[in-house]
Amino acid sequence: MVRGRFAPSPSGRMHLGNVFTALLAWLSAKSQGGRIVLRVEDLDPARSRPEYTRALLRDFSWLGLRWDERAQDQSERGEVYARAVERLRAKGLIYPCFCSRDQLRAASAPHASDGRVIYDGRCSGLRVTADMLARPHCLRARAPDRTIAFTDGLQGPQAMNLRREWGDFIVRRADAAAAYQLAVVVDDAACGVTEVVRGRDLLSSTPVQLWLYETLGLPAPRFYHVPLLLAPDGRRLSKRDRDMNLDQLAAKWPPQRIVGLLAWKAGLTGRWEDASPDELLPLFSWEKVRAGDIVLDAEAWQ
Ligand code: GLU
């Protein structure tokens with residue numbers, strides 16, 4: 001049985017790009033007779049708000065994107081993540097890191113192609129005392145010197161050397177919240193998710209996550225990384241800039257207009273026609289879906 005998921009972060013109103021991802025996740029699972037699990041990714045206590053959770057549940061329903069099950073919200077799963085960290089620790093893969101944000105920024109560590117700083121591992125050899133552990137610290141996992149290869153269902157073959165191209169990564173933050181990379185793996189496995197459909201900005205995280213699946217002895221899903229939607233000037237849509245969020249969209253268009261725009265931009269239809277997710281089901285195939293990022297033209301932007 002195919003199981004897909006919606007994994008929204010309630011850190012703002014959804015924008016058109018978030019809806020695009022959700023629509024393709026829904027169409028993929030449903031066109032194979034599968035189910036959709038909704039999981040609210042409210043890991044970050046500073047950015048998540050219950051009113052955004054309520055809004056995104058309303059938005060999915062309004063758009064006709066029904067979920068079949070709702071998983072526990074991530075904010076309730078601290079103990080499950082802590083157990084996963086302990087399993088990594090038992091394998092000698094975890095160490096505490098005391099570097100401050102400023103230290104990390106100043107470090108002359110190499111930068112990954114996407115601008116991320118690759119941690120230079122300076123805390124990995126520390127002799128840690130109980131006194132030190134009273135200071136703020138995060139926990140990092142040791143990235144192995146291994147190339148992880150996989151085939152993305154939309155973007156094709158991918159490969160990354162975890163040590164050189166990603167570096168030791170955070171699994172528990174200094175505020176004790178689990179880090180995204182760990183939580184998403186533990187949760188997708190716990191939900192029995194067989195396919196992950198998400199934005200292309202997360203493609204480079206996937207080798208890290210595949211390594212975590214393997215190391216934790218969990219079955220890995222299949223991945224489809226879908227294009228990002230860009231503003232007419234080439235910028236990525238962002239929740240912070242309130243670009244094309246559901247408030248604005250719902251004020252000018254009914255849900256079929258929005259779904260129809262996204263189906264057309266995805267490559268499922270030849271023009272912008274009103275459609276519901278149900279009406280698109282017979283048209284859906286990953287072979288039709290565009291892989292490259294999509295610039296919204298002035299007609300769609302307005
Ligand atoms: N919660 C993430 C987001 O809203 C998605 C994470 C994922 O799909 O793996 O961007």
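The values are calculated or read from the model by the stated rules, or taken from the named source; none is laboratory data. Please read all numbers here as calculations on a predicted model, not as lab measurements. Please note: Cβ atoms are built from the backbone with ideal geometry, for glycine as well, and neighbour counts cover all protein chains shown.
Cβ-Cβ below 7 Å, separation at least six or inter-chain, first residue in the range 40-54 and at negative phi, second aromatic (Phe, Trp, Tyr) and surrounded by 12 or more Cβ atoms within 10 Å (Cβ to Cβ): which pairs?
That search, which allows pairs on different chains as well, returns 43/180.
Across the range 255-302, what is the number of residues that are in a helix (DSSP H, G or I) and closer than 24 Å to residue 236 by Cα?
Total satisfying the criteria: 18.
Quick one: would you say residue 220 is surrounded by 15 or more Cβ atoms within 10 Å (Cβ to Cβ) and modelled with pLDDT under 95?
Taking the combined requirement at face value, the residue does not satisfy it.
Looking for whichever is in a loop (DSSP other than H, G, I, E, B) and touching a residue at least 60 places away in the same chain (Cβ under 8 Å) here; the options are 114, 120. Which one fits?
114
Test each condition in (1) part of a helix (DSSP H, G or I); (2) surrounded by 19 or more Cβ atoms within 10 Å (Cβ to Cβ); (3) within 19 Å of the chain's Cα centre (by Cα) for residue 225 and report the one that comes out false.
It fails just one condition, (1).
Among the residues of the range 91-149, how many are under 25 Å from residue 203 (Cα atoms) and either modelled with pLDDT of 95 or more or of a type outside the set (S, T, N, Q) (or both)?
So the answer is 29.
From the list 231, 300, 275, pick out the single residue that is at pLDDT 95 or above and surrounded by 14 or more Cβ atoms within 10 Å (Cβ to Cβ).
So the residue among 231, 300, 275 that is at pLDDT 95 or above and surrounded by 14 or more Cβ atoms within 10 Å (Cβ to Cβ) is 275.
Please give the number of the condition residue 234 fails out of (1) in a helix (DSSP H, G or I); (2) within 22 Å of the chain's Cα centre (by Cα).
Unmet condition: (1).
Quick check, is residue 284 of a type in the set (Phe, Trp, Tyr), surrounded by 14 or more Cβ atoms within 10 Å (Cβ to Cβ) and away from the ligand (no atom under 16 Å from the Cβ)?
yes
Looking at 143, 174, which is the one that is touching a residue at least 40 places away in the same chain (Cβ under 8 Å) and either assigned to a loop (DSSP other than H, G, I, E, B) or within 20 Å of residue 222 (Cβ to Cβ) (or both)?
Result: 143 is the single residue among 143, 174 that is touching a residue at least 40 places away in the same chain (Cβ under 8 Å) and either assigned to a loop (DSSP other than H, G, I, E, B) or within 20 Å of residue 222 (Cβ to Cβ) (or both).
For the range 231-248, indicate whether the set of residues that are in contact (Cβ under 8 Å) with a residue 60 or more places away in the chain, within 15 Å of the ligand (Cβ to nearest atom) and in contact with a helix residue (DSSP H, G or I) (Cβ under 7 Å, 6 or more places away or on another chain) is non-empty.
Yes - at least one qualifying residue is present in the range 231-248.
Looking at the range 131-189, which of the residues that are acidic (Asp, Glu) and farther than 30 Å from residue 35 by Cβ is surrounded by the most Cβ atoms within 10 Å (Cβ to Cβ)?
168
Any residue in the range 24-34 that is touching a residue at least 12 places away in the same chain (Cβ under 8 Å), near the ligand (Cβ under 10 Å from one of its atoms) and assigned to a helix (DSSP H, G or I)?
Yes, the range 24-34 has at least one match.
Name every residue in the range 190-204 that is surrounded by 18 or more Cβ atoms within 10 Å (Cβ to Cβ), more than 9 Å from the ligand (Cβ to nearest atom) and farther than 19 Å from residue 160 by Cβ, in order of residue number.
Listed by number, the residues that qualify are 191, 193, 194, 195.
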